[in-house]
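This report refers to the structure that appears directly beneath it.
The values are calculated or read from the model by the stated rules, or taken from the named source; none is laboratory data. Bear in mind the structure is a predicted one, so any value in this text is a computation, not a measurement. Note: ideal-geometry Cβ built from the backbone for every residue, glycine included; neighbour counts use all protein chains shown.
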Ligand SMILES: NC(=O)c1ccc[n+]([C@@H]2O[C@H](COP(=O)([O-])OP(=O)(O)OC[C@H]3O[C@@H](n4cnc5c(N)ncnc54)[C@H](OP(=O)(O)O)[C@@H]3O)[C@@H](O)[C@H]2O)c1
């Protein structure tokens with residue numbers, strides 16, 4: 001088999017399995033995991049084979065590490081004993097230097113972070129084509145990232161290593177915080193007396209339209225509601241109605257209110273309205 005046709009994946013979890021399924025038609029795939037190696041190879045399909053971690057370097061032109069963030073360093077160390085050619089890893093908060101000692105050995109290393117969410121492998125397979133990939137690295141490893149992204153129908157954004165935590169925080173806000181906001185809105189609907197399932201159904205068109213507007217218009221133009229209107233009394237009423245909630249709902253509402261205030265100011269909110277809103281947001285019950 002010619003150079004560049006063999007790919008190793010370490011980690012048979014959500015990301016490893018999804019990448020395996022989508023890349024199996026293009027590569028001779030070898031998968032090494034801890035307990036789910038067979039399951040991951042079966043999910044990948046094609047000619048994907050299981051492989052021991054210590055044999056992966058010999059069997060692969062490029063290795064993608066897709067294990068929990070806390071295990072990346074240990075896997076990199078194990079691989080360093082077997083002279084891999086190119087090593088990528090999928091955690092967006094870690095850079096090539098976190099794969100030590102591989103870079104010091106001259107192994108070309110990069111971060112290849114799918115800017116997508118994988119609650120389970122099948123969801124990842126559905127969502128990944130067309131996604132962006134955060135890439136940190138250079139040379140052969142970066143070329144592999146571009147090649148894999150192209151095969152996956154995606155694009156790449158290049159991130160400097162010292163800025164990876166900011167890039168990854170952006171991904172977390174876009175993905176995890178969106179889930180948190182849907183959950184918080186559903187909880188408030190429930191507190192208002194609407195059954196949870198019915199509340200989620202009722203909120204869906206509003207959430208979808210807001211998300212669509214946020215992504216297609218300037219966020220300043222897309223913003224509506226009491227903060228955009230400078231309606232401090234309504235904000236106070238909202239916070240007052242949440243005063244008996246034992247969870248962090250009020251803090252979430254306050255923090256978001258303060259952030260939305262910066263958007264409203266950018267769109268021209270009058271300074272006196274901004275002062276009144278800030279007072280309402282900071283007021284204790
Ligand atoms: N999930 C997401 O939405 C997402 C999105 C972008 C990036 N990422 C990144 O992708 C990476 C993997 O995330 P994930 O969600 O796929 O995690 P996951 O579902 O928990 O899967 C991790 C896999 O790694 C295997 N593993 C753990 N330690 C290992 C070791 N020492 N040697 C070999 N295999 C080992 C696990 O073993 P078993 O074989 O026992 O299962 C498991 O299959 C993380 O760095 C994460 O930050 C995740």
| Every residue from the range 167-196 that is more than 16 Å from the ligand (Cβ to nearest atom) and over 17 Å from residue 252 (Cβ atoms) | 193, 194, 195, 196
| remark: By residue number, the members of the range 55-70 that are more than 7 Å from the ligand (Cβ to nearest atom) and within 13 Å of residue 8 (Cβ to Cβ) are 55, 56, 57, 58, 59, 60, 61, 62, 63, 64, 65
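Listed residues 24, 32; which is modelled with pLDDT of 95 or more, more than 8 Å from the ligand (Cβ to nearest atom) and either under 24 Å from the mean Cα position of the chain (by Cα) or over 19 Å from residue 131 (Cβ atoms) (or both)? Don't jump to the end; show me each part of the working.
Working: 32 fails: more than 8 Å from the ligand (Cβ to nearest atom).
Answer to the check: 24.
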| remark: Only one of 47, 69, 58 is touching a residue at least 24 places away in the same chain (Cβ under 8 Å) and more than 30 Å from residue 167 (Cα to Cα), namely 58
| Does residue 164 fit the bill of being under 15 Å from the mean Cα position of the chain (by Cα) and part of a helix (DSSP H, G or I)? | yes
| said: I'd like the full set of residues that are assigned to a strand (DSSP E or B) and over 17 Å from residue 53 (Cβ atoms), limited to the range 1-33. | reply: 28
| task | Would you be able to say whether some residue in the range 236-249 is assigned by TED's automatic domain parsing to the domain that holds residue 268, modelled with pLDDT under 95 and surrounded by 12 or more Cβ atoms within 10 Å (Cβ to Cβ)? | result | yes
| So residue 87, is it within 11 Å of the ligand (Cβ to nearest atom) and crowded, with 17+ Cβ neighbours inside 10 Å | no
| remark: Among the residues of the range 114-134, the number that are surrounded by 14 or more Cβ atoms within 10 Å (Cβ to Cβ) and within 11 Å of the ligand (Cβ to nearest atom) is 13
| request: Give just the number: which of (1) more than 14 Å from the ligand (Cβ to nearest atom); (2) modelled with pLDDT of 95 or more; (3) touching a strand residue (DSSP E or B) at 6+ places or on another chain (Cβ under 7 Å) does residue 1 not satisfy? | output: (2)
| Looking at 40, 52, 73, which one is within 11 Å of the ligand (Cβ to nearest atom), in contact with a helix residue (DSSP H, G or I) (Cβ under 6 Å, 6 or more places away or on another chain), assigned by TED's automatic domain parsing to the domain that holds residue 135 and at pLDDT 95 or above? | 40
| request: Determine whether the range 100-111 contains at least one residue that is touching a residue at least 40 places away in the same chain (Cβ under 8 Å), under 16 Å from residue 23 (Cβ atoms) and over 11 Å from the mean Cα position of the chain (by Cα). | output: no
| query | Which of the following residues is surrounded by 16 or more Cβ atoms within 10 Å (Cβ to Cβ) and either assigned by TED's automatic domain parsing to the domain that holds residue 131 or touching a helix residue (DSSP H, G or I) at 6+ places or on another chain (Cβ under 8 Å) (or both): 222, 202? | reply | 222
| message | Among the residues of the range 23-37, what is the count of those that are in contact with a helix residue (DSSP H, G or I) (Cβ under 6 Å, 6 or more places away or on another chain) and in contact (Cβ under 8 Å) with a residue 60 or more places away in the chain? | response | 1
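Out of all the residues in the range 164-180, is one or more exposed (fewer than 11 other Cβ atoms within 10 Å of the Cβ) and closer than 30 Å to residue 111 by Cβ?
Applying the first criterion (exposed (fewer than 11 other Cβ atoms within 10 Å of the Cβ)) to the range 164-180 yields none.
The answer is no; no qualifying residue exists.
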| note | For residue 161, the lone unmet condition from (1) out of contact with any helix residue (DSSP H, G or I) (no Cβ under 6 Å at 6 or more places or on another chain); (2) without any contact (Cβ under 8 Å) to a residue 60 or more places away in the chain is (2)
| query | Do any helices (runs of 4 or more DSSP H) entirely within the range 193-271 hold 2 or more residues that are closer than 20 Å to residue 183 by Cβ and touching a residue at least 12 places away in the same chain (Cβ under 8 Å), and if so, which? | reply | 196-216, 232-241, 249-266
